[in-house]
Amino acid sequence: MIKSFRLGTLAVPVTSLLLLAACGSNKTADQTTTEAGASAAADSTQTNTSAMPTSASFGKTTDGTEVQLFTLTNANGVKASITNFGGILTSLMVPDKDGKMGDVILGFDNVSGYQSPEFLKSGPYFGALIGRYGNRIKDGKFTLDGKTYNLAKNNGPNTLHGGKVGFDKVVWTAEPMSSADGQSLKLTYLSKDGEEGYPGNLNVTVVYTLTNDNALRIDYTATTDKATPINLTNHAYFNLNHGAGKDILGHEVTLPADRYTVVDATLIPTGELRPVKGTPFDFTTPHAIGERIAQVPGGYDHNWVLNNAATPQHAAAMVYEPVSGRTMEVTTDEPGIQFYTGNFLDGTLKGKGGTVYGKNAGFCLETQHFPDSPNQPKFPNTVLKPGETFHSVSSYKFGVRK
Ligand code: BGC
């Protein structure tokens, strides 16, 4: 029998009042979004929202497969472009405080950018769907039901973001859709038993939906025929000042998380959930990314333990960019979020419109289960079993603050 399944979470008693305060805005999310929506709508009388997403060629992969770029548009003229190569979100056009649209995502103009030797060598995973297991697994192995599985190692001694050929580098089957919620793109992929070392045939479906309240919702579903760990996320790099600012250090971030997972030198959690209070990891009230980043060797690249993880959809992050006035609110049903500040970008990648992506050119907010959970019995469970259906939803909602 198929039953619905939500992977384990850590319950933390924090009131929603505290959470609202932590978001640090004197406007509600609805107010900010309404303003953005209204000004964008004024500029977008040509937008046909009843239509299906459009599609165009995105070029050929290195093995000669033709891939597509799908563009979802909402009632306010917001546009999200996604390719079926890696399920990559390549661009997201959202209004600033004056209603002017701008692209807030790092990426490339065609599929060859995502397959260039420089890109593959530096491995930033721009905008991609990440799986079968997002983030790191220590020494590329885990034991499940008494059997040890050895994974493809691609990050020093560890496995990162699914291995050598993760879900970010495969061609997904795409189906554009439209519903009362907005335009969607449904992507499906069969990850075969043994792929990158993982057990079981895993059927994965990811639906991106662009809603009329300016949110990009990502809906992940999966089933398997053998027990397997699973941790699905999206690896978009955001810069809410879309390249007008060279880095993201001025963005103000709030993370409703009282603890984070401490990591070793290879970024594997030690198992300790350490309080953020009194440290540069304390984002329970808004702080500019650059304010304390120098106190964190290498920059932020950590998993925060979300306070309200026991509730189905909870706040995961709030971001405000003062120059453009753009805001982004992240919600999820996952227990953690990886806040990564583009520390490994070094100016070797040239993206859309020739933009050079230097250190801290974008930041990621990857909703997730904790890194290395398959080897950490005290962390929330990530094992999906046959007969269960994995389902998880995360949403990135855009607004402005004037
Ligand atoms: C990881 C970083 C890594 C980046 C790109 C993030 O999720 O935490 O350490 O460099 O992805 O691969």
Residues of region 331-363 being free of Cβ contacts under 8 Å to residues at least 60 places away in the same chain and within 15 Å of the ligand (Cβ to nearest atom), which ones?
Tyr340, Asn343
Just for region 227-242: of the residues that are more than 15 Å from Ile105 (Cβ to Cβ) and part of a loop (DSSP other than H, G, I, E, B), which one is farthest from the ligand (Cβ to nearest atom)?
Ala227
Applying the selection to region 82-111, what residues are open to solvent by less than 10 Å² (accessible area, probe 1.4 Å) and over 15 Å from the mean Cα position of the chain (by Cα)?
Thr83, Phe85, Val94, Pro95, Gly99, Gly102, Val111
Could you count how many residues in region 120-157 are within 10 Å of the ligand (Cβ to nearest atom) and either on the phi < 0 side of the Ramachandran plot or more than 21 Å from the chain's Cα centre (by Cα) (or both)?
9
Of the residues Thr266, Thr311, which is assigned to a loop (DSSP other than H, G, I, E, B), within 15 Å of the ligand (Cβ to nearest atom) and of a type in the set (Ser, Thr, Tyr)?
Thr266
Which of the residues belonging to region 364-378 are within 16 Å of the ligand (Cβ to nearest atom) and in contact with a helix residue (DSSP H, G or I) (Cβ under 6 Å, 6 or more places away or on another chain)?
Asp372
When the residues of region 148-186 are narrowed to those that are free of Cβ contacts under 8 Å to residues at least 40 places away in the same chain and among the charged types (D, E, K, R), which ends up farthest from Pro374 (Cα to Cα)?
Asp181
In region 178-199, the residues that are over 18 Å from Leu384 (Cβ atoms) and either crowded, with 16+ Cβ neighbours inside 10 Å or not aliphatic (A, V, I, L, M) (or both):
Ser178, Ser179, Asp181, Gly182, Gln183, Ser184, Leu185, Lys186, Leu187
Can you tell me which of (1) within 15 Å of the ligand (Cβ to nearest atom); (2) closer than 22 Å to Leu106 by Cβ is the one Ile218 doesn't meet?
(1)
Apart from one, (1) surrounded by fewer than 19 Cβ atoms within 10 Å (Cβ to Cβ); (2) on the phi > 0 side of the Ramachandran plot all hold for Gly162; the odd one out is (1)
Within region 63-81, track down each residue that is under 19 Å from the mean Cα position of the chain (by Cα) and among the hydroxyl-bearing types (Ser, Thr, Tyr).
Thr71, Ser81
Which residue out of Thr279, Thr284, Thr311 is surrounded by fewer than 23 Cβ atoms within 10 Å (Cβ to Cβ), at pLDDT 95 or above and closer than 30 Å to Asp213 by Cα?
Thr284
Residue count, region 318-331, condition touching a Leu at 6+ places or on another chain (Cβ under 8 Å) and either farther than 18 Å from Val94 by Cα or part of a loop (DSSP other than H, G, I, E, B) (or both), comes to 2
Is there a residue being within 21 Å of Thr211 (Cα to Cα), of a type in the set (D, E, K, R) and more than 16 Å from the ligand (Cβ to nearest atom) anywhere in region 100-112?
yes
Across region 287-308, which residue is least open to solvent (accessible area, probe 1.4 Å) among those that are free of Cβ contacts under 8 Å to residues at least 40 places away in the same chain and either in a loop (DSSP other than H, G, I, E, B) or touching a helix residue (DSSP H, G or I) at 6+ places or on another chain (Cβ under 9 Å) (or both)?
Val296
Quick check on my filter: what residues within region 81-123 are among the hydroxyl-bearing types (Ser, Thr, Tyr) and over 17 Å from Val356 (Cα atoms)?
Ser81, Thr83
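The values are calculated or read from the model by the stated rules, or taken from the named source; none is laboratory data. These figures come from a predicted structure and were not determined experimentally. All Cβ positions, even for glycine, are placed from backbone atoms using ideal geometry, and neighbour counts span all protein chains on display. Note: areas computed on protein heavy atoms with side chains; ligands, DNA, RNA excluded. Shrake-Rupley method; radii C 1.70, N 1.55, O 1.52, S 1.80 Å.
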